[in-house]
1. So how much slack lies between A:GLU24 and A:GLN188, counting 0.36 nm per residue of separation and subtracting their Cα-Cα distance, in nm?
2. Between region B:87-115 and region A:24-83, what is the separation of their alpha carbon centroids in Å?
3. If you take every DSSP beta bridge fully contained in chain A, what fraction is antiparallel? Give it as a percent rounded to 5.
4. What is the distance in Å between the Cα centres of region A:146-169 and region A:276-335?
5. Quick one: label points 7 angstrom along Cα→Cβ at B:GLN88, distances to the other copies in nm, smallest first?
6. First select every other residue whose beta carbon is under 11 angstrom from the beta carbon of A:LEU320; then total the charges, Lys and Arg +1, Asp and Glu -1.
7. For A:LYS202, give me every one of the lysines with a C-alpha distance below 21 angstrom, ignoring sequence neighbours fewer than eight places off in its own chain.
8. Taking 7 Å along the Cα-to-C-beta vector as the label spot, tell me the B:ASP148-B:THR107 distance in nanometres, rounded to one decimal.
2 protein chains.
Amino acid sequence: MIENCLSKAQVINRYLPATLTAKEHATAFAPSNIALCKYWGKRDTELNLPTNSSLSISLGHLGSHTQISHSHSNIDIVRLNNKVQDPQSSFHLKVIAFVNLFRRSQTIGLIIDTRNTIPTAAGLASSASGFAALMLALDDFFDLQLADQQLSAFARMGSGSASRSIYSGFVHWEMGEQLDGMDSVAHQLDTQWPNLRIGLIKVSSAQKPVDSRTGMDRTTATSNLYQNWPAQAAADLITLDNAIKQRDFHAMAACAEHNAMSMHATMISAWPPLVYWLPESLAVMQRVWQLRESGVAVYFTMDAGPNLKLLFEQSSQALLETEFSQLDIIVPFGD
Amino acid sequence: MIENCLSKAQVINRYLPATLTAKEHATAFAPSNIALCKYWGKRDTELNLPTNSSLSISLGHLGSHTQISHSHSNIDIVRLNNKVQDPQSSFHLKVIAFVNLFRRSQTIGLIIDTRNTIPTAAGLASSASGFAALMLALDDFFDLQLADQQLSAFARMGSGSASRSIYSGFVHWEMGEQLDGMDSVAHQLDTQWPNLRIGLIKVSSAQKPVDSRTGMDRTTATSNLYQNWPAQAAADLITLDNAIKQRDFHAMAACAEHNAMSMHATMISAWPPLVYWLPESLAVMQRVWQLRESGVAVYFTMDAGPNLKLLFEQSSQALLETEFSQLDIIVPFGD
């Protein structure tokens with residue numbers, strides 16, 4: 001990992017007007033996303049520049065709604081799902097640190113109100129949709145008129161995968177090469193896939209023992225096997241791009257499962273070992289493999305946590321609803 | 001994987017006398033062994049030449065006793081734990097194929113009687129001790145007077161890890177470079193470690209869904225992360241050699257656990273994924289990690305199966321017997 005000398009503010013400032021104007025209020029929505037080729041490892045921790053390109057699918061209307069308005073005082077108020085957050089909480093501090101990148105020296109108190117429409121505790125990360133929605137709302141509130149690529153790059157500085165939540169559908173985040181990361185941005189793929197389904201299986205909603213950022217750092221620092229991860233991700237992206245173009249479900253979903261298992265393998269080979277799986281996760285995996293052996297077209301992906309996200313098509317939905325009683329089904333192209 | 005053109009027979013024949021003499025009977029014992037740095041991947045499948053050096057600890061008096069005698073007919077009889085094996089069974093065929101490498105064209109029927117003293121279904125491989133004991137018994141029976149290094153090399157042709165079961169204590173199997181594999185042999189380390197304990201935890205005694213040989217082949221063929229395994233094993237061997245010399249328990253056992261987890265990671269990143277763990281395996285791992293967090297000096301290693309082998313010292317034995325009711329404790333230097 002090579003750190004460059006650019007801070008977030010240095011990069012962003014170049015794209016901001018000399019003085020900001022602020023609207024009365026602004027609202028924005030960004031979808032949550034699930035990666036089919038995972039973002040795992042950073043080449044720059046300040047700007048969240050990744051060691052590999054990645055590819056995700058956005059979850060339609062499931063995501064974050066963010067509203068920005070004036071607090072009409074010199075204090076900031078951060079609300080999440082209608083609850084005011086403690087000003088010392090990590091959530092409040094992260095949101096305000098991000099807002100400050102755009103507000104700069106302006107002394108205007110703001111109310112930042114975020115509501116997530118992600119199924120409660122379904123094991124879906126909300127930081128991606130949260131920072132993407134916040135970026136879109138800031139763009140509107142301060143009338144920044146940033147291009148999509150800039151919105152993606154700046155959202156990435158809040159949370160890496162937020163770069164992808166700027167778009168709906170299939171989204172490819174190109175890792176880029178530049179030191180300032182302005183080419184490390186996402187773009188949307190053309191393909192629509194109305195029959196595609198994602199089934200959430202919640203194994204646990206407990207706080208993760210090791211957060212993703214720490215897990216990523218430990219993996220890159222201590223797993224010998226990690227060295228081959230970027231090459232695998234690059235190969236998987238080509239496979240996924242082709243499979244999606246051809247709407248080849250088996251090729252797409254098998255590659256996504258292999259990619260997720262390989263990411264988990266890099267964690268398992270970290271020291272101390274990083275195993276996000278719970279015994280129940282393993283039981284669900286084995287059930288998926290049994291179903292597949294018996295001819296059911298179902299695969300899964302997993303992020304840095306114990307929950308599974310099944311990948312299947314509409315034709316298998318009824319059967320899988322019977323097999324997994326607590327399946328929470330998402331239709332990414334359903335809106 | 002580069003296949004060379006040498007068969008087992010071609011290599012072995014060079015070390016055999018022109019005509020064999022046979023004793024009335026011969027018996028031999030070889031211990032089972034547990035690898036602290038795993039053998040995982042072959043550069044030659046005919047001769048079982050590995051892609052990495054490995055290191056194991058032999059299990060004292062637990063292993064295989066093999067007796068060879070004349071059947072006084074032209075048929076061979078193979079017995080395992082007092083049961084005559086079906087001549088078409090894989091066990092009978094493998095034993096006779098190995099015997100034939102030494103018997104060559106001699107038309108003498110033999111009785112090969114093997115008894116394992118490994119705890120029943122404790123998840124310990126018996127092929128290592130089995131082929132090592134068979135090799136030692138053949139050497140005696142045919143009065144071959146082979147050197148230890150040759151015994152190790154030939155036992156390896158029966159089962160890779162049998163090269164290590166020729167010796168007691170800590171054993172280092174050097175991968176070697178030669179095409180005929182005669183430098184791919186094991187040697188014993190000096191260190192004695194009387195306080196060392198190995199605790200077997202049997203999670204399942206069911207037949208493995210994928211045998212080790214198939215698992216190894218699938219991993220090397222499909223896991224991208226496997227490419228870094230040989231380098232990790234080489235580094236781990238240096239760490240283990242030093243830790244054993246200094247009887248540094250934490251350094252030795254931590255390296256063994258990291259090595260085992262990394263081997264499993266290469267399988268998990270194979271396609272289709274190869275997960276030998278059962279939900280119960282994961283529950284035991286997590287219990288071990290919790291105990292370690294609370295200050296108990298306990299680590300584990302695992303082979304290509306769901307069972308765990310705890311590593312600890314005599315001072316932790318009483319506590320661990322309370323924690324794990326079904327712990328089967330081995331004292332490798334206890335005899």
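1. Taking A:GLU24 through A:GLN188 to full extension adds about 56.0 nm, to one decimal.
2. 67
3. In chain A, DSSP labels about 90 percent of beta bridges as antiparallel.
4. So the separation of the two Cα centres works out to 28 Å.
5. 7.7
6. -1
7. Straight-line reach from A:LYS202, under 21 Å: A:LYS38, A:LYS309.
8. 4.1
All of the numbers you see were taken from the coordinates with simple rules; none came from a lab. As the structure is a prediction and not an experimental result, all values here were calculated from the model. So basically every Cβ, Gly included, is an ideal-geometry build from the backbone, and we count neighbours across all protein chains shown.
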